[in-house]
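The values are calculated or read from the model by the stated rules, or taken from the named source; none is laboratory data. Just so it is clear, the model here is predicted, and its values are computed rather than measured. Because the Cβ atoms are built from the backbone with ideal geometry, glycine has one as well, and the counts that use them run over all protein chains shown.
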């Protein structure tokens, strides 16, 4: 086990940190699951943090100059390179501490990006930073498409989903590929901590983020982030959809600690995927055959995960 | 006492970076820059330099890592060339407008296609407008001195801009020259520790790199332009101080035998060494020819350049870059536009030479001077000429 985890007792709803490090008044859409998750991330980390933000929704809604929603040091350089920027911050602090130019106190370094910035355009930069073993955590806020540019498909867009570049038509049913498994790619880097999280299970989310920060070396947390604008879902139902994704096994919650898969929540009686799919405009066009395929594949992927957790 | 040693220029540059006490060095290998970062990694490995050497997975990551490290308050150095510089291009524009100081040595090399590892200036001319301060070194000593000077300028709080020192790939990077390596004590005296005005620090949170809405974007870019123009005085000041400490004098434009010159060659980088030999030969033959060397490329020292031209009526400008379909090479275009409609300004002829490692010999300089004289009498049809093209 990770020694740093021993003293950590976990967050409780009653003793939730009150400080808003990601301040209200930003420009996110109503019901944005991503910004809700990010707020929880920041509460879990506390103020001793440096944030390296990839270009994307979270970057633009929080930093239209001269306004900023950030009560912590924050830097945005470009789209694909947040992990490399974080590598630089971490390296600088290492040498500056050694030279006694800054206090020895530990400061968490958070790199954060969307699914496009993480799994598509930024994959190389993250892979490099993970492989080099920098002491930082990377949080992917996955809303399953390029929402900031107007809902184009990404490698993390789910099978069948309608986006502006995976439109259903006479010869297409929407996204033709299955969602890319970014956490598995991170696990393949042999980093000490990988987890998936959901804003519907906010204490679980915060605990995982805190563990990712506590662990020495690189850590990765993949957070499912409903996007009412991109998904065509009701803003007030974002948390509900986040919960349904877990309850239908569409987005399972787990940790991978030093290579060991641990299910955070075993779904014994899963709800049918239709409960998750309905109410989202992006899936409205899907016929029974496609839904049937999704159900089978979701079950199979979940089984695979269970086997991994039993094996490791 | 500083020591004069026979040393490869790349290794000497690494030693200079060490003397400057660089703290974070993100680096990715590319020919002909590799020896610089190889030697730096050795210096870090054997404890000669207390720094973090970050062996990143690409040049884009190298520059991104530089941004993070310098924003966090460290003295940052990296080096690149050619395709690698092009790969980092997206990021290069960012630290300059964000006013994050760092130093990069670019070992200049041709761009693909066809792939060529050899020297010209196409890689850096593509990056002309990135908003970094840029100097060109003529020889190994200059490469060392300009590297130390670059830290001093970049980190000056009134400047706070990233800076590139250009050295010619192979013709400088891989040659062994007698170079005077400064003393650590003198460098420490010249270059105080880096104290950025703003940095990423939880004790004083700031937001770096926010969105520039239309109401602020123009002002941000204008502020950058003003900053780099304003940097010239600090560049000159840092050279003056350099002279006081190390005894070697540098100016934005160097002149060589320009007195009474009828024709002036204009070049930058290591070809100026051959150009000087050519000028000597032509002077011996009674021709009134001189040479102007552009050491400071950005901000362009227009005033100094005009002064250096003096009353000379013909300029033969050498570009080591061929922008296809353009009116001429970037240096030629710069000078033509600078002198446009200024009364008494010289006639400017643009030549492209020395692409992809093609040698520019003494006779080529003579050819350019002859052509410039002929063109001054009868205007040529082309706006520029490529020199040294093989006919067969």
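This table checks each residue for (1) within 14 Å of chain A (Cβ to nearest Cβ); (2) part of a helix (DSSP H, G or I); (3) out of contact with any strand residue (DSSP E or B) (no Cβ under 9 Å at 6 or more places or on another chain).
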{"site": "B:192", "(1), (2), (3)": "yes, no, yes"}
{"site": "B:205", "(1), (2), (3)": "yes, no, no"}
{"site": "B:219", "(1), (2), (3)": "yes, yes, yes"}
{"site": "B:225", "(1), (2), (3)": "no, yes, yes"}
{"site": "B:241", "(1), (2), (3)": "no, yes, yes"}
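Please work out if residue A:92 is more than 22 Å from residue B:212 (Cβ to Cβ) and either in contact (Cβ under 8 Å) with a residue 60 or more places away in the chain or within 14 Å of chain B (Cβ to nearest Cβ) (or both).
Considered against the rule, which asks whether it is more than 22 Å from residue B:212 (Cβ to Cβ) and either in contact (Cβ under 8 Å) with a residue 60 or more places away in the chain or within 14 Å of chain B (Cβ to nearest Cβ) (or both), residue A:92 comes out as yes.
Can you confirm whether the stretch A:96-112 contains a residue that is under 27 Å from residue A:144 (Cα atoms), within 11 Å of another protein chain (Cβ to nearest Cβ) and more than 14 Å from the chain's Cα centre (by Cα)?
Yes, the stretch A:96-112 has at least one match.
Take the conditions in the same structural domain as residue B:184 (by TED's automatic domain parsing) and either assigned to a helix (DSSP H, G or I) or at positive phi (or both) and apply them to residue B:94. Does it pass?
Here the answer is yes, as residue B:94 does meet what is asked.
Which condition number in (1) buried (at least 24 other Cβ atoms within 10 Å of the Cβ); (2) more than 21 Å from the chain's Cα centre (by Cα) is the one that residue B:140 fails?
Of (1) buried (at least 24 other Cβ atoms within 10 Å of the Cβ); (2) more than 21 Å from the chain's Cα centre (by Cα), only one is false for residue B:140: (2).
Which numbered condition trips up residue A:67, out of (1) closer than 20 Å to residue A:83 by Cα; (2) surrounded by fewer than 19 Cβ atoms within 10 Å (Cβ to Cβ)?
Here residue A:67 clears every test but (1).
Looking at A:258, A:236, A:247, can you tell me which residue is in contact (Cβ under 8 Å) with a residue 24 or more places away in the chain and within 20 Å of residue A:10 (Cα to Cα)?
A:258
Residue by residue through the stretch B:56-83, note down the ones that are at negative phi, touching a strand residue (DSSP E or B) at 6+ places or on another chain (Cβ under 9 Å) and more than 7 Å from chain A (Cβ to nearest Cβ).
Hits for the stretch B:56-83 are B:59, B:62, B:63, B:70, B:75, B:76, B:77, B:78, B:79, B:80, B:81.
In the stretch A:61-78, what residues are touching a strand residue (DSSP E or B) at 6+ places or on another chain (Cβ under 8 Å), more than 7 Å from every other protein chain (Cβ to nearest Cβ) and assigned to a loop (DSSP other than H, G, I, E, B)?
Correct list: A:69 only.
Take residue B:157 and decide whether it is surrounded by fewer than 24 Cβ atoms within 10 Å (Cβ to Cβ) and out of contact with any helix residue (DSSP H, G or I) (no Cβ under 9 Å at 6 or more places or on another chain).
Yes, satisfied.
Answer yes or no: is there a residue in the stretch A:77-85 that is under 15 Å from the mean Cα position of the chain (by Cα) and surrounded by fewer than 24 Cβ atoms within 10 Å (Cβ to Cβ).
no
Scanning for something in contact (Cβ under 8 Å) with a residue 60 or more places away in the chain, under 17 Å from residue B:137 (Cβ atoms) and either assigned by TED's automatic domain parsing to the domain that holds residue B:186 or not in a helix (DSSP H, G or I) (or both), does the stretch B:58-70 turn up at least one residue?
no
Select from the stretch A:79-89 the residues that are in contact (Cβ under 8 Å) with a residue 24 or more places away in the chain and within 7 Å of another protein chain (Cβ to nearest Cβ) and list them in ascending order.
Result: A:81, A:84, A:85, A:86, A:87, A:89.
Is it true that residue A:25 is surrounded by fewer than 24 Cβ atoms within 10 Å (Cβ to Cβ) and either more than 10 Å from chain B (Cβ to nearest Cβ) or in contact (Cβ under 8 Å) with a residue 60 or more places away in the chain (or both)?
Spelling it out, residue A:25 is indeed surrounded by fewer than 24 Cβ atoms within 10 Å (Cβ to Cβ) and either more than 10 Å from chain B (Cβ to nearest Cβ) or in contact (Cβ under 8 Å) with a residue 60 or more places away in the chain (or both).
Please indicate, with yes or no, whether at least one residue in the stretch A:41-50 is without any contact (Cβ under 8 Å) to a residue 24 or more places away in the chain, in contact with a helix residue (DSSP H, G or I) (Cβ under 9 Å, 6 or more places away or on another chain) and closer than 26 Å to residue A:135 by Cβ.
No, because not a single residue in the stretch A:41-50 is without any contact (Cβ under 8 Å) to a residue 24 or more places away in the chain, in contact with a helix residue (DSSP H, G or I) (Cβ under 9 Å, 6 or more places away or on another chain) and closer than 26 Å to residue A:135 by Cβ.
Would you call residue B:110 modelled with pLDDT of 95 or more, outside any helix (DSSP H, G or I) and either outside the structural domain of residue B:233 (by TED's automatic domain parsing) or closer than 23 Å to residue B:14 by Cα (or both)?
yes
For the stretch B:30-44, enumerate the residues that are surrounded by fewer than 22 Cβ atoms within 10 Å (Cβ to Cβ) and within 14 Å of chain A (Cβ to nearest Cβ).
Answer for the stretch B:30-44, where residues must be surrounded by fewer than 22 Cβ atoms within 10 Å (Cβ to Cβ) and within 14 Å of chain A (Cβ to nearest Cβ): B:41, B:43, B:44.
Here is a check on your reading of the model: is residue A:33 more than 8 Å from every other protein chain (Cβ to nearest Cβ) and over 27 Å from residue A:229 (Cα atoms)?
Against the criterion (more than 8 Å from every other protein chain (Cβ to nearest Cβ) and over 27 Å from residue A:229 (Cα atoms)), residue A:33 does not qualify.
Go through (1) within 8 Å of chain A (Cβ to nearest Cβ); (2) more than 23 Å from residue A:52 (Cβ to Cβ) and name the single condition residue B:52 misses.
It is condition (2) that residue B:52 fails.
What residue, among those in the stretch B:113-135 that are assigned to a loop (DSSP other than H, G, I, E, B) and over 25 Å from residue B:250 (Cα atoms), is farthest from the other protein chains (Cβ to nearest Cβ)?
Only one residue fits best here, namely B:118.
Please specify each residue of the stretch A:117-148 satisfying the condition of being more than 14 Å from chain B (Cβ to nearest Cβ) and out of contact with any helix residue (DSSP H, G or I) (no Cβ under 8 Å at 6 or more places or on another chain).
A:120
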